[in-house]
1. Give L81, L40 a once-over and let me know the one that is open to solvent by 50 Å² or more (accessible area, probe 1.4 Å) and in a loop (DSSP other than H, G, I, E, B).
2. Looking at V54 and the list (1) of a type outside the set (K, R); (2) in contact with a Gly (Cβ under 7 Å, 6 or more places away or on another chain); (3) within 16 Å of I110 (Cα to Cα), which single condition is not satisfied?
3. Mind checking which pairs have a first residue in the range 60-88 that is polar (S, T, N, Q) and a second that is open to solvent by 10 Å² or more (accessible area, probe 1.4 Å), Cβ under 6 Å, 6 or more apart or different chains?
4. Given the conditions (1) surrounded by fewer than 16 Cβ atoms within 10 Å (Cβ to Cβ); (2) among the small types (G, A, S); (3) more than 13 Å from the chain's Cα centre (by Cα), and given that A75 satisfies all but one, which numbered condition is not satisfied?
5. Go through (1) in contact (Cβ under 8 Å) with a residue 24 or more places away in the chain; (2) surrounded by fewer than 15 Cβ atoms within 10 Å (Cβ to Cβ); (3) outside any strand (DSSP E or B) for P100 and report which single condition fails.
6. I need the full set of residues from the range 61-72 which are assigned to a strand (DSSP E or B) and either aromatic (F, W, Y) or open to solvent by less than 70 Å² (accessible area, probe 1.4 Å) (or both), in order please.
7. Hey, can you tell me all the residues within the range 17-29 that are under 10 Å from the mean Cα position of the chain (by Cα) and part of a strand (DSSP E or B)?
8. Suppose the filter is of a type in the set (A, V, I, L, M) and either in a loop (DSSP other than H, G, I, E, B) or touching a residue at least 60 places away in the same chain (Cβ under 8 Å) (or both); does A45 pass it?
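The values are calculated or read from the model by the stated rules, or taken from the named source; none is laboratory data. Remember, it's a predicted structure, so these values are computed and weren't measured experimentally. Glycine gets a Cβ as well: all are built from the backbone with ideal geometry, and neighbour counts include every protein chain shown. Accessible surface areas use protein heavy atoms only, side chains included; no ligands, DNA or RNA. Shrake-Rupley method; radii C 1.70, N 1.55, O 1.52, S 1.80 Å.
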Amino acid sequence: WSHHMFGSIDAWFYQYLAGIRPAAPGFAEIAITPHLPAELDSAAAGVGTPVGEVRSSWKKSGGGYEFELEIPEDAKATFALPQGVPGIAIADARMQQGLPLPAGRSAVRITASGEVVVG
C-alpha cells in the first residue's frame with residue numbers, strides 16, 4: 001500500500017498534521033484531531049469538501065498551543081486532541097471526546113497548564 005497512487009503528501013498534511021477528517025459521508029460531519037509532533041512549531045492546512053472549505057491550523061505559543069479552525073455553514077464539527085500532547089496535561093474531557101464547533105471561524109487555546117480556552 002505504499003504506492004504513490006494510494007496517497008499524497010497534501011492528504012497527509014490535512015488529515016494528519018491538521019487533523020481534518022470526515023466523520024460522515026461528504027464531510028457533513030467533520031472531526032478535527034490534529035497531530036502535534038514535538039519537532040514542529042506549527043502547521044496549517046485546508047481542504048475543499050462538498051460542503052465548503054475546511055481549515056485547521058495550530059502553533060505553539062507560550063508553552064501551550066493556539067488553534068484556528070474554520071468550518072463551512074452546512075457542516076457539524078468537533079475538535080479533539082490526541083492523547084499525549086507533548087509537555088501538557090489536559091484535564092478537560094472535551095479535548096478527548098470532542099468539543100463541538102460552530103460554523104465559521106473558531107479559536108481554541110491550550111495553556112501551558114492544560115487549561116482549554118475557547119473564543
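1. Details: L81 fails: open to solvent by 50 Å² or more (accessible area, probe 1.4 Å).
When all the criteria are applied, what remains is L40.
2. Unmet for V54, out of (1) of a type outside the set (K, R); (2) in contact with a Gly (Cβ under 7 Å, 6 or more places away or on another chain); (3) within 16 Å of I110 (Cα to Cα): (3).
3. Once the first residue is polar (S, T, N, Q) and sits in the range 60-88, its partners that are open to solvent by 10 Å² or more (accessible area, probe 1.4 Å) give T78/A31; T78/G98; T78/P100.
4. Condition (1) is where A75 drops out.
5. (3)
6. Once the filter is applied, which keeps residues that are assigned to a strand (DSSP E or B) and either aromatic (F, W, Y) or open to solvent by less than 70 Å² (accessible area, probe 1.4 Å) (or both), the range 61-72 yields S61, G64, Y65, E66, F67, L69, E70, I71.
7. Filtering the range 17-29 down to residues under 10 Å from the mean Cα position of the chain (by Cα) leaves 17-21.
Matches in the range 17-29: I20, R21.
8. For A45, the condition - of a type in the set (A, V, I, L, M) and either in a loop (DSSP other than H, G, I, E, B) or touching a residue at least 60 places away in the same chain (Cβ under 8 Å) (or both) - is not met.
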